[in-house]
Amino acid sequence: MRNLNTQIIIGTLLGILAGYGLRFVPADAALKIHTLYVAGLCGSLFMDLLKMILVPLIFTSICVGIANLQAHHQAKRVWLITLSFFAVSMSAAIILGLTASNLVKPGQGLQLSLFADAISHYEHKALAPKDFLADLLHGLFINPFAAFAAGNVLAILVFALFFGAAMVAVGDRAKPLMTLMTIVLELIMRIVGWVMRLAPIGIAGLLTKLVANQNGELLTTLLQFIMLVIVTLIIHGVIVLPGTLWLLTRKTPLWFWRGARPALITAFATSSSNATVPITLRCTEDNLKVDNSIAGFVVPLGATINMDGTALYEAAAALFVANLAGIELSMGQQLIVFCTAMIAAIGAPGIPSAGMVTMVMVLQSVGLPTEAIAILLPIDRLLDTFRTAVNVEGDMVGSVIVQHFVGGTEAPRNE
Ligand code: ASP
């Protein structure tokens, strides 16, 4: 693992450097076209491999996790600590985003032509979160086969929770199935190990393409907002989350980062909490020594609903759009932003740019012009890297905290 860690860091640096270098090569130069083609292929194949194992991994790990927990009468405590941690850490992230935006006021005085039109049609629109919430709830319970085929992680997760609970309820007669699923999970984790060996190449490819394709001009115009988001995400990821971990468990940030690094870098490069789940799970169990019955439950659940980075971003972006439009949001409206950013982050699937889609609801909830999405979209891929890394970090910190308070129920997996 240590060797792989080094290789992943080298891959990251090479990817960033190559991408940066390519920015100075003319767009039609053969070197640029071919390099981007190869980088894109390596990156997307790596993502494909991660996604290939995602569905069976999530299903088996949640089933086995929930069955192990219920069998040990720990389920209630794990649920309580997990959900409380998710709620508190996402609230802290949103408060951080709102506070920083109120202090710095990014976007104030910035004239973007796109807004002239949008603002002339500005009006207070009706609250949309209710519809969003209804859609979210309806999406929870669907035919599991359709969910498997579509890779609908939230619906798979819900079905797996029922399935795991039912295995416990049926008891002895379900034992052979439980054994079978435990073995399947072992096999899938073995495949994860193989896929991880390709992580350095995949990450280098993804980052080369990402850095090479950034629109430099727009980045400079929106620099203040971009910096605000990145700095607040770093504060949350480097101070708030590790600080909470240390306060609650006395585990040092260095210990945590050393173990979490491959997952954090993969999240950064793929911008997908879901695609990172296999690696997150492996790092959480092997490096952070969280029992597989706890990590197997907290990590997939967290990848779907616990998104500190996304929540922070949605709140900060709403205030940024308000500033651009010259609209001052009252305390009451900021409270609405707080709530909708939370729902939007919970509802956003762990895939690239998902936060951008649910962002519409946050903007609508306080009547901000949704046309602003057009401005945020070109910088989204860049900001998605940081927020996804923070999202995944939150899941790993949560797992260690739950482990600390609940304790293990099984010996850690040896491989
Ligand atoms: N890409 C993020 C994730 O997968 C979600 C988002 O904020 O767009 O966690």
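The values are calculated or read from the model by the stated rules, or taken from the named source; none is laboratory data. This is a predicted model, so every value here is computed, not measured. Here the Cβ positions follow ideal geometry from the backbone for every residue, glycine too, while neighbour counts run over all protein chains shown. Just so you know, the surface numbers come from the protein's heavy atoms only, side chains and all, with ligands and any DNA or RNA stripped out. Shrake-Rupley method; radii C 1.70, N 1.55, O 1.52, S 1.80 Å.
Greater than 31 Å separation of Cα atoms is the criterion. Which listed pairs, K76/K105; K76/K251; K76/K175; K51/K105; K105/K251, meet it?
Among K76/K105; K76/K251; K76/K175; K51/K105; K105/K251, the Cα-Cα distance tops 31 Å for K76/K105; K51/K105; K105/K251.
So if R0 is 30 Å, what FRET efficiency would F24 and L110 give, r being the distance between their Cβ atoms, rounded to the nearest 0.05?
Given R0 = 30 Å and the Cβ-Cβ separation, E is 0.60.
Ignoring ligands and nucleic acids, what accessible area does D131 show with a 1.4 Å probe (Å², nearest 10)?
Counting only protein heavy atoms, the figure is 100 Å².
By accessible area of protein heavy atoms, probe 1.4 Å, what ranking do M178, M196, M52 get, highest first?
M52, M178, M196
Given a Förster distance of 51 Å, report the FRET efficiency between R77 and I9 from their Cβ-Cβ distance, rounded to the nearest 0.05.
Given R0 = 51 Å and the Cβ-Cβ separation, E is 0.85.
Simple spin-label model, 7 Å along Cα-to-Cβ: I95 to N215 in nm?
Inter-label distance under the simple model: 3.6 nm.
Can you work out the FRET efficiency for the pair I235 and I183, with r the C-beta to C-beta distance and R0 = 41 Å, to the nearest 0.05? The partial results should precede the final answer.
Values: r = 43 Å, r/R0 = 1.05.
Efficiency computed from Cβ-Cβ geometry: 0.40.
How big is the Cα convex hull of region 270-340 in projection, averaged over all directions, in nm²?
Value for region 270-340: 6.2 nm².
Using the Cα centre as the reference, give the magnitude of the dipole from point charges on the C-beta atoms of the chain (Lys, Arg: +1; Asp, Glu: -1; all else neutral), rounded to the nearest 20 debye.
On the way: 23 positive and 22 negative charges, 206 e Å.
Computed charge dipole of the chain: roughly 980 debye.
If I take all pairs of Cα atoms in region 266-415, what percentage of them are more than 26 Å from each other?
Cα-Cα pairs in region 266-415 separated by more than 26 Å: 33 percent.
Net charge within 14 Å of T12 by Cβ-Cβ distance, Lys/Arg positive one each and Asp/Glu negative one each, not counting T12 itself?
+2
How large is the direction-averaged shadow of the alpha-carbon convex hull of region 9-56, in nm²?
Seen from a random direction, the Cα hull of region 9-56 projects 4.0 nm² on average.
Can you give me the % of accessible surface on region 297-391 that is carbon or sulfur? Probe 1.4 Å, all protein chains present, nothing else counted.
Of the solvent-accessible surface of region 297-391, carbon and sulfur hold 74 percent.
Near the amide H of G350, under 5 Å away, which other amide H atoms are found, from residues 5 or more places off or on another chain, if H is placed in the peptide plane?
Answer set, sorted by chain and number: N274.
The chain: D in µm²/s via Stokes-Einstein (Kirkwood Rh, Cα pairs, 4 °C, 1.567 mPa s)? Mind dumping the intermediate values first?
Working: Rh = 22.0 Å.
The Stokes-Einstein estimate is 59 µm²/s.
Work out how much length A149 to I373 would gain on full extension: take 0.36 nm times their residue separation and subtract the Cα-Cα distance, in nm to one decimal.
Result: 77.6 nm gained on full extension.
Rounded, prolate or oblate: which one fits region 7-114, using the alpha carbon gyration tensor with axes a ≥ b ≥ c (rounded when a/c is under 1.5, else prolate when a/b beats b/c, else oblate)?
oblate
If you take the square roots of the eigenvalues of the alpha-carbon gyration tensor of region 228-330 and sort them as a ≥ b ≥ c, do you get rounded (a/c under 1.5), prolate (a/b over b/c) or oblate? Intermediate results must be reported in sequence, preceding the final value.
Values: a/c = 2.45, a/b = 1.86, b/c = 1.32.
Prolate is the answer for region 228-330, as a/c is 1.5 or above and a/b outweighs b/c.
Rounded to the nearest 20 Debye, what is the dipole magnitude of region 149-251 about its Cα centre when Lys and Arg each give +1 and Asp and Glu each give -1 at the C-beta?
For this selection, approximately 300 debye.
If I take every Cα pair under 8 Å that is 6 or more residues apart in the chain, average their sequence separation and divide by the length, what percent do I get for the relative contact order?
This gives 31 percent for the chain.
Quick one: angle between helix 129-138 and the longest Cα principal axis of the chain, in degrees between 0 and 90, rounded to 10, please.
30 degrees
With every protein chain left in place, what is the accessible area of E328 in Å² (1.4 Å probe, nearest 10)?
That residue has around 140 Å² of solvent-accessible surface.
Going by a ≥ b ≥ c, the root eigenvalues of the Cα gyration tensor, does region 173-294 fall in the rounded group (a/c under 1.5), the prolate group (a/b larger than b/c) or the oblate group?
Oblate is the answer for region 173-294, as a/c is 1.5 or above yet b/c matches or exceeds a/b.
Ignoring everything but the protein chains, give the 1.4 Å probe accessible area of R77 in square angstrom, nearest 10.
About 120 Å², ignoring ligands and nucleic acids.
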